[in-house]
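Asker: I am attaching a structure below and will ask some questions about it afterwards.
None of the figures in this text is laboratory data; all of them are computed from the coordinates on show. Since we're looking at a predicted model, the values are computed, not measured. Because the Cβ atoms are built from the backbone with ideal geometry, glycine has one as well, and the counts that use them run over all protein chains shown.
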Amino acid sequence: MSSNQNKHPKGLYVLFATEMWERFNYYGMRAILVLFMTKALLFSKDFSSQLYGGYTSLVYLTPLIGGYFADRFWGNRRSIIIGGLVMAVGEFILFFCGSLYSSNPELSTLLFFTGLGFMISGNGFFKPNISALVGQLYPKGDRRIDAAYTIFYMGINVGGALGPFICGLVGDTGNPADFKWAFMAGGIGMLLSVLIQVIYHKKYVTGPDQQTLGLVPENAPAYSKNPLFGLIVFLLLIGVSTTLLYVDSGLAQIKHWGFNIGSFNISTALFTNLVFLLVACILVIALIIFTDKTLTKLEKSKVAVIFTVSFFVVFFWSAYEQAGASLTFFADEQTNRDLGFFVVPASFFASLNSIFVVSFAPIFAWLWVKLGKMDPSSPTKMAWGLLLLALGYLWIAFGVKDVQPGIKVSMIWLVGMYALHTAGELCLSPIGLSLVNKLAPAKFASMLMAVWFTANAFANYLAGALSKLYPEEGKTKFILGLPIENNFNFFMVFVVMSGVAAFILFFLSSKLQKLMKD
């Protein structure tokens, strides 16, 4: 094979850079989001956690709409560019929100929800379309594809590491007035992402036949090319996203009916309009697939495996995604971040996951190959992922055990926890995605990937609800009737939840493996 055939196409590096700057934008903004809500907008931790869960949940739900529109109307490139511009506008709206929160709180709150609505809607069109282009750069069966996705995954994590670092450096300074600069940095990153697409996509993002990928489908209706059509679509999506977020957060009740919660019980957070929407999505998809008479018994067994593992990933991500909520509160308030010459911003810890992914991914790739015939089944690997997550929370639980209120603990407890969580992620996330691709019947491939992302959306919503259990002085919080009185109790919730889910999945692994076999 010639050296040219060993090289990756330049289009891969265009997609790498596009995704890297988008992830810079998303993770940078996510790292300071709850800090901005509690320190600048003066929202309570409970309210901020609920809003964080609703926001990240919708971020995972809207790609179902964006993927549909790209396939039928706009193509990948146009969807990426328009979605990216909408996200950049969202960041600049949040910048103005951060500039006005003290002088005009009501306008600032309106801008905040609107900015989040723009971010959710833009992400829906950007996220599903950039990944879809990577595999199309190569001929079918090309052995470079796995390496290409590894390179692309590194782009995600380079952005994920840089975003919290840069946005934290300029925004998380201890002065709430500076948060706006984090949103500005995120917006600039997003514009760079779009600029790369505009300049380089048509020239370099080409298939094996040298034809540009991701252009408008030939059978797209004429009306879909009208800019007015795109404007109406986005205004509707932004309006629906913003309204869903506003209503789900409970702000409408708080503002208009004096609704107040003196204590918090986890069950009260799980019966909201957004949860019903998420459950309805999964039930409708299940009904469509399992009532399809063209599917064989074996195909339906494989689909059942997808639904089963998707159920377990809810427990993983709902604990893992505390990184953007309760763990940020913990880093900010109860972690000793003073190095003597520099106080580490709390938002910096959000970079650890991406740094560990880049460090650990080659080790895990080597491990699965090295195990050979002893390589565990996919469900077993996912169970190990849940167990490593539980061990991460057990590590930090012992770090805070018997620590008196007001005493800050070493950063090593957070760093060690994130290392274990990343190891768990590498056992579960890429393995689960690969499993869905392998088991899904061809006619329902996209729909079953939607199940995976909807499970992630549900998990992120649950993450926000669980973050509301974070202990606060003067508030009584319960889970299943048990009080959460301190950080040890709080972290042990995730140890038990993840640990129990892991052992159940270990028990089910052999049964799931039988269902997967041809």
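Asker: Could you put 223, 461, 153 in order, starting from the residue whose Cβ has the fewest other Cβ atoms within 10 Å?
Answerer: Ascending number of Cβ neighbours within 10 Å: 223, 153, 461.
Asker: Sticking with this structure for a sec: Compute the signed sum of charges (Lys and Arg +1, Asp and Glu -1) over the other residues within less than 11 Å, Cβ to Cβ, of residue 505.
Answerer: Result for the local shell: +2.
Asker: Please compute the net charge surrounding residue 184, taking Lys and Arg as +1 and Asp and Glu as -1 over other residues with Cβ under 11 Å from its Cβ.
Answerer: Result for the local shell: -1.
Asker: Sticking with this structure for a sec: Take the residue pairs 45/477; 302/443; 180/468 and return only those whose Cα atoms are more than 21 Å apart.
Answerer: Listed pairs above 21 Å: 180/468.
Asker: Further, regarding this structure: So how much slack lies between residue 140 and residue 443, counting 0.36 nm per residue of separation and subtracting their Cα-Cα distance, in nm?
Answerer: Contour length minus Cα-Cα distance gives 107.2 nm.
Asker: Percent of Cα-Cα pairs per 10 Å bin, from 0 to the last occupied bin, for region 8-260, please list those.
Answerer: Histogramming region 8-260 at 10 Å steps yields 8, 30, 33, 20, 8, 2, 0 percent.
Asker: Using 7 Å Cα-to-Cβ label points, what is the residue 279/residue 407 separation (nm, one decimal)?
Answerer: Inter-label distance under the simple model: 4.3 nm.
Asker: Using a 7 Å offset from Cα along Cα-Cβ at residue 510, what residues in region 284-314 end up with backbone N under 17 Å from the label point?
Answerer: No residue qualifies, since no backbone N sits under 17 Å from the label point.
Asker: Which of the residue pairs 39/127; 127/297; 293/438 have a Cα-Cα distance greater than 25 Å in the structure shown?
Answerer: 39/127; 127/297, as the Cα separations exceed 25 Å there.
Asker: Stokes-Einstein D for region 264-518 at 4 °C, 1.567 mPa s, Kirkwood Rh over Cα pairs, in µm²/s? Walk me through the numbers on the way to the answer.
Answerer: On the way: Rh = 19.6 Å.
Estimated diffusion coefficient is 66 µm²/s.
Asker: Sticking with this structure for a sec: Based on a Kirkwood Rh over C-alpha pairs, give the Stokes-Einstein translational diffusion coefficient of region 1-101 at 20 °C and viscosity 1.002 mPa s in µm²/s.
Answerer: On the way: Rh = 16.3 Å.
So the translational diffusion coefficient is about 131 µm²/s.
Asker: For residue 203, list the lysines whose Cα falls under 18 Å from its own Cα; do not include residues on the same chain fewer than 8 positions away.
Answerer: 7, 10
Asker: What does the C-alpha gyration tensor say about the overall shape of region 336-416? Classify as rounded when a/c is under 1.5, otherwise prolate if a/b is larger than b/c, or oblate.
Answerer: Taking the square roots of the gyration eigenvalues as a ≥ b ≥ c, region 336-416 is oblate.
Asker: Could you tell me the convex hull volume per residue, in Å³, taken over the Cα atoms of region 477-518?
Answerer: Looking at region 477-518, the number lands at 71 Å³ per residue.
Asker: Okay, next question. How much FRET efficiency would the formula 1/(1 + (r/R0)^6) give for residue 486 and residue 296, where r is the Cβ-Cβ distance and R0 is 45 Å, rounded to 0.05?
Answerer: Using R0 = 45 Å, I get an efficiency of 0.25.
Asker: Could you order the peptides 472-483, 8-19, 110-121 from most to least packed, using the average number of other C-beta atoms within 10 Å per residue?
Answerer: On the way: 472-483: 12.0, 8-19: 21.1, 110-121: 24.4.
My ranking of the peptides, most packed first, is 110-121, 8-19, 472-483.
Asker: Further question: Checking the a/c ratio against 1.5 first, then a/b against b/c, what shape does the Cα gyration tensor give for region 275-325?
Answerer: On the way: a/c = 5.41, a/b = 1.97, b/c = 2.75.
Judged from the Cα gyration tensor, region 275-325 comes out oblate (a/c at least 1.5, b/c at or above a/b).
Asker: Determine, for each peptide in 190-198, 395-403, 506-514, the mean count of other beta carbons within 10 angstrom over its residues, then list the peptides with the highest first.
Answerer: Numbers: 190-198: 21.3, 395-403: 17.0, 506-514: 14.6.
Descending mean neighbour count gives 190-198, 395-403, 506-514.
Asker: Does the chain come out rounded, prolate or oblate, given a ≥ b ≥ c as the square roots of the eigenvalues of its C-alpha gyration tensor, rounded meaning a/c under 1.5 and, failing that, prolate meaning a/b above b/c?
Answerer: Cα axes put the chain in the rounded bin.
Asker: How far apart, in nanometres, would the label points at residue 434 and residue 341 be if each is projected 7 angstrom from Cα along the Cα-to-Cβ direction?
Answerer: Going from the residue 434 label point to the residue 341 one covers 4.3 nm.
Asker: Going highest first, how would you order 172-178, 492-498, 155-161 by mean Cβ packing within 10 Å? Kindly include the intermediate steps, with their values, before the conclusion.
Answerer: Working: 172-178: 15.1, 492-498: 20.4, 155-161: 22.7.
Ranking the peptides 172-178, 492-498, 155-161 by packing returns 155-161, 492-498, 172-178.
Asker: Would you mind checking which residues have amide H under 5 Å from residue 206's amide H? H placed 1.01 Å from N; only 5 or more apart, or other chain.
Answerer: Those qualifying (amide H under 5 Å, at least 5 residues apart or on another chain) are 11, 213.
Asker: Still on this model: Neighbour counts of other C-beta atoms within 10 Å: give me 317, 181, 74 arranged from fewest to most.
Answerer: Neighbour counts put them in this order, fewest first: 181, 317, 74.
Asker: For residue 379, what is the net charge nearby, where nearby means another residue's Cβ is under 12 Å from its Cβ and Lys, Arg count +1, Asp, Glu -1?
Answerer: +3
Asker: Calculated from DSSP H runs of 4 or more alone, at -39500 (n - 2.57) each and per residue, what is the 222 nm mean residue ellipticity of the chain, nearest 500?
Answerer: Rounded to the nearest 500, the figure is -25000 deg cm²/dmol.
Asker: Would you pull out the residues with amide H under 5 Å of residue 335's amide H, same chain only if 5 or more places away, H placed 1.01 Å from N?
Answerer: Close amide H contacts, sequence-distant or interchain: 409.
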